[in-house]
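Below: the structure, in structure tokens.
The values are calculated or read from the model by the stated rules, or taken from the named source; none is laboratory data. Keep in mind it's a predicted model, so treat the numbers as computed, not measured. Cβ coordinates were reconstructed from backbone atoms using ideal geometry, including for glycine residues, and neighbour counts include every protein chain displayed. Ligands, DNA and RNA are stripped out before the accessible areas are found, and what is left, the full protein with its side chains, is counted by its heavy atoms. Shrake-Rupley method; radii C 1.70, N 1.55, O 1.52, S 1.80 Å.
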Amino acid sequence: MFPMFAAAGVSGCSGDLSTLSPAGPVAGSIATLWWVMAAGAALIFLIVMVLFLLVWLRPNFGRSFSQRAWILGGGLAFPIPLLVPLLVYSFQQGEILLHIGGPTETPVRIEARARMWQWEFIYLDEDTAPSTVGVLHIPAGALVKVTATSEDVIHSFWVPRLSGKVDAIPGHRARVRFLANTPNTYRGACAEFCGSGHAGMLFSVQVHKPEDYARLIKAARDTSLRASLAQVHP
Amino acid sequence: MRANKPMLSPIRLHKDLSAIWDTRPGLQRLASVNHTTLGKRFIVTAIVFFAIGGGLAMLIRAQLATSQSAFMEAGLYAQIFTMHGTVMMFLFAIPLFEGFAIYLLPKLVGARDFAFPRLTAYSYWCYLFGGSMLIVGMLAGVAPDSGWFMYTPLSSRTYMPGINADLWLLGITFVEISAICTAVEIAVSVLKVRAPGMSLDRMPIFAWYMLIVAFMMLVGFPPLILGSILLEVERAFDLPFFDPKRGGDPLLWQHLFWLFGHPEVYIIFLPAAGLVSTFLPVFAGRPLAGYIAVVIAVIAMGFLSFGLWVHHMYATGIPHLGLSFFAAASVLVAVPTAVQIFAWIATLAHGTPRFSLPMLYVFGMFFVFVIGGLTGVMLAIVPFNLQAHDTHFVVAHLHYVLIGGFVLPMIGAAYYWLPHITGRRPSRVMSNIGFWTIFAGFNVTFLAMHLTGLKGMPRRVHTYLPEYGWEALNFLSSFGSFIMAIGFAIAALDLLLIVRFAPRSTRNPWKAATLEWAMPIPPPSYNFASLPKIFRRADTLEPSTMAAELAGGMGYLAFTRNGQMETLGVEMVGGNTEQVIVLPRQTYLPLITAATTGVFFLLMLFKFYWLALVAIPLVVICFLFWTRDTGLRADVGPVPIGHGIVAPYHSESADAPSSWAMAFTLVADAMLYASLLFGGLFLWASAPNWPPAELPALGVVLPIGVVAAALAAMASGILALRNVGGAVSIPALALCAACHAIALACLFTLAVTGIPSFTQHALSAVIMVVIIYLAAHHAMGVVFALFGVARMISGKVSARRTLDLRIGNQWHLYTAGANFIGVLFMVGLIAIAGTGAAP
Ligand code: HEM
Ligand SMILES: [Cu+2]
Ligand SMILES: [Cu+2]
């Protein structure tokens, strides 16, 4: 474990896990998606309820359309034009988020290794593959790719303010890519039920200025690190 | 025979029929096989489980009301939420709609009972025993605790060494047996046991819903049953299906579970929707709009619901393009749902809506279910799902769907059919208060919960810190849930008071136009004193006039004959009279058989595996006793059913219900098998640590021997049937049994010699299970063949009465096919695994 990292406890302000206060482009665009869908859903809900109450309370209104028109109109003409664009948009959005940074930008590669009930983060870009437990350090503004896996049961890596979750499944390696805009500390949680320590399986993400991050990583290559590594991987 | 005598007086007819059909008093109630009685038992039992599940929900809400609650610790909380979900899904929702279907369907389609009354009883006892196992386990403090979807490896022996997980796997499988039996019962009865003249397109809409739901159950439940078997086998005998270190894969469990789990949601929703489609037109004062559109929509939902399961697994790292396919299917299922909803609106639009209590619940359903559907569409959208998945947003969504799409309409239906069940009339005031309290409490609880989820609260956490900002919302949810609980209590009390004290209802109090009202209320055990002829769509009838006519014996079968329970069977599509179905009388056999089945599950639970193995033949023997008083000992020929019409008894009919029951059972069986084969291929394609160090070596002789013996068994079965009555018949069946025995021996040798240790790698484990599956079919093949011999010797088989042999042959045919596919599969899987070229 990085000695200086260990000091950084889990801290933060309220709303620390809120998907609605995004701190990076991935979580940001999903939050926007949510607001758009919520507005659309509210509208659709109102329309359906108003129609329901209208046919109920104003029988003459209801009869002005044939039964066929009601069923085809309400069942096909109403939902399909709304759903198809939503699907296309979300597919595009998914592709963008999945490939955020594009093929050119090389991400900072991290392995999130879960076990009951803690997270260990391995910095794959360094040849000594140093690791930290409970705290993930990343540079601000840089693309990060986290590969999640587990040593025991299924867990799920989730930093709500930065991006969606990805399951840590034994025998599998699933990935998630995201960016953090500015230096700060964010909270992460395990989202998949993993036994009695599930609620406490929290971690924090410390986002550093790029130069600070570089310094940390350099320090991490120190020999002191190897000693602590031996602890982690006996 | 009284058949040709002049018409009996209504009173006399009633007395004669009651003497045969009534459930006997006292302890003999345990022998009841009557669908009205059993339907009510299902309903009441399900309501008791709802109360238990609701109590658990209150504990959950009490725990979450404040941050850092010290009420429960993590382990107990895990048991509570797992049991809440499990009880609600398996012991409340499914049995409740089954209860309504069992109570209503025969009445709606103009029959005196289902095709297999004893199966209904067996199904009830399995449900009761399986459910009780779970509750007793909970009281003993060993409730399952890995969530209602039991993800491995958390639920594997390594991480859950106690019997908690076994309790879930065995108890739920027990209850699933009940569900499969009910599904077979419903599918066959809807298709074959209706009133004459009721063609498919005249069926009341609820029969369509239940027919489709029954098929969905037959296809949807086996994957979970298979998954449970594999997981239990892994836990008990260490066969590594889900262990990634030995070629298994935790994702296999997720696929099997959700292959069941998603259709399950529709299986729960559709019956409730079907009931609404039945009573909403009554209050609109006109028949359901878009009958055909609704049937098509329901079929479409049935199909689509099997293409959605992966939307529970977006975060597992499946490629995005693959996810998009499932996202599209998930979103598109909104279209038939909308058709369904707008058919109701259209019905109201063209009717003259009357206000009444059931309709109040329909209003509640619209309000709540539409919101649940909309959040469902949101969750189908991949990027959003990755944020909302496994948070309280999902918890809110699923309750909007389940309470809006199931609980509220079911309470509406309860109020609607209460006069039918009890003969009493609902009151007003308290019922309304009950509704509004539930409605307000529900929305306060769960609307806020969407936000809690978006603010990042994962589901299944027993505690949280104040600084997360979830406390106010959680407190609101807990507050709302207690309001809702009060509402449910008011509604329950109201229902109870109606049952006890409400004034007598007139016949057909809602002015409905369906057949269940064409009888006295509460209904007599035999439903109809004589069976109607249907000339129109069965939701446009005049039950009040029909009731008098039928009670007066103006329909078919207006007499009793040899003390037999009789109802009519029709030709499946056209609904023309085809056969007289003689139903079995009251008997303890279902209870005894279910108890024996329960002994098997208990022995498994307490790890007496060898004894459990002995319990299986005991169950089979119990079932063999069922056949003792079925069938005829001599050819009878067509018998009169009244109005100068004659029809053969079902055992002489070419198209008896029981051979359809066998066909549908084999559909479920085939799904189980397909899931197993899919599982093997899935592990090869996706699991880590393939290929194994040591491959199974099946050789050539034994696999060929197995297939050849299976084919020979099938051929001799066919020969026996062709020659019925001739000298070859009995020897041919004996040969059939011998061939099955040979196949069994080959499979046994194969298992012993061909497979390296089956605990070392998933490949061997899968091959082992395929072999056991085939062996079990051959063992049953022996039973079927010898049973045929016994029936021939006892004179119950003749050229006209071949039903027993035909059913046996269905089994032999299926077994031969399964062997052929199984051998190809085993050889193929070993070959591709050997090349090591998994994609
Ligand atoms: C009576 C009012 C109800 C309340 C207050 C309630 C409350 C809850 C809460 C708070 C949870 C989340 C527990 C957690 O994740 O920590 C939950 C889970 C669940 N509820 Fe309910 N519920 C109610 C009724 C129902 C009904 C009627 C059904 C089904 C028909 C149902 C099915 C479920 C399921 C399947 C889960 C998931 C369990 C799991 O995560 O393993 N609930 N319920
Ligand atoms: Cu975890
Ligand atoms: Cu967890």
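What to note about this one:
- Cα-Cα over 31 Å, subset of A:Lys165/B:Lys245; B:Lys15/B:Lys40; B:Lys40/B:Lys533; A:Lys218/B:Lys455; A:Lys145/B:Lys455: A:Lys218/B:Lys455
- As computed over the protein assembly as shown, the Cα convex hull volume per residue (Å³): 160
- Helices assigned as whole DSSP H runs in chain A whose Cα atoms extend at least 24 Å along their own long axis and whose mean Kyte-Doolittle hydropathy is 0.0 or higher are found at A:25-57, A:80-98.
- Of the listed residues B:Lys15, A:Lys165, the order by accessible area with a 1.4 Å probe, largest first, is B:Lys15, A:Lys165.
- Electrostatic bookkeeping for B:Leu64 treats Lys and Arg as +1 and Asp and Glu as -1; over the other residues with beta carbon under 13 Å from its beta carbon, the sum is +2.
- Of all DSSP beta bridges in the protein assembly as shown, antiparallel share, percent nearest 5: 75
- Taking all Cα pairs closer than 8 Å and separated by 6 or more residues, the relative contact order of the range B:540-696 comes to 19 percent.
- Members of the range A:46-84 that become less accessible by 40 Å² or more once partner protein chains are added (1.4 angstrom probe, chain alone as reference): A:Val48, A:Met49, A:Phe52, A:Val55, A:Trp56, A:Arg63, A:Gln67, A:Trp70, A:Ile71, A:Gly75, A:Leu83
- Electrostatic bookkeeping for B:Ala165 treats Lys and Arg as +1 and Asp and Glu as -1; over the other residues with beta carbon under 11 Å from its beta carbon, the sum is -2.
- Here the contact order of chain A, divided by its residue count and restricted to Cα pairs under 8 Å and six or more residues apart, works out to 24 percent.
- Cα-based shape type of chain B, given that a ≥ b ≥ c are square roots of the gyration tensor eigenvalues and the cut on a/c is 1.5: oblate
- Cα gyration tensor category, rounded, prolate or oblate, for the range A:25-98 with a/c compared to 1.5: oblate
- Cα gyration tensor shape of the range B:690-833, rounded if a/c is under 1.5, else prolate or oblate by comparing a/b with b/c: prolate
- Estimated 222 nm signal from helices in chain B, with DSSP H stretches of n ≥ 4 weighted -39500 (n - 2.57), rounded to 500: -22000 deg cm²/dmol
- Along the range B:620-630 the Karplus relation, 6.51 cos²θ - 1.76 cosθ + 1.60 evaluated at θ = phi - 60°, assigns HN-Hα couplings of 4, 4, 3, 5, 4, 4, 4, 7, 4, 9, 9 Hz to successive residues, with x for each Gly and Pro.
- Vicinal HN-Hα couplings computed from phi for the range B:165-181 (Karplus, 6.51 cos²θ - 1.76 cosθ + 1.60; Hz; Gly/Pro x): 5, 4, 4, 5, 4, 7, x, 5, 4, 4, 5, 5, 4, 4, 5, 5, 4
- GNM top mover of A:Pro25, A:Pro160, A:Pro59 - chain A, alpha-carbon springs below 10 Å: A:Pro59
- Remark on B:Ser505: its backbone amide H falls under 5 Å from those of B:Arg424, B:Arg425, a criterion applied only to residues 5 or more positions apart or on other chains, H modelled at 1.01 Å from N.
- Counting Lys and Arg as +1 and Asp and Glu as -1 over every other residue whose Cβ lies under 15 Å from the Cβ of B:Arg460, the net charge comes to -2.
- Solvent-accessible heavy-atom area per residue, rounded to whole Å², over the range B:545-609 at 1.4 Å: 36
- Portion, in percent, of the accessible area of the range B:737-839 that falls on carbon or sulfur, probe 1.4 Å: 78
- Accessible area of the range B:690-833 divided out per residue, in Å², using a probe of 1.4 angstrom: 39
- A versus B: buried accessible surface, summed, Å² (probe 1.4 Å, to nearest 100): 6400
- Relative contact order for the range B:690-833: 34 percent, from Cα pairs under 8 Å spaced at least 6 residues apart, divided by residue count.
- Antiparallel bridges, percent of DSSP beta bridges restricted to chain A (to nearest 5): 70
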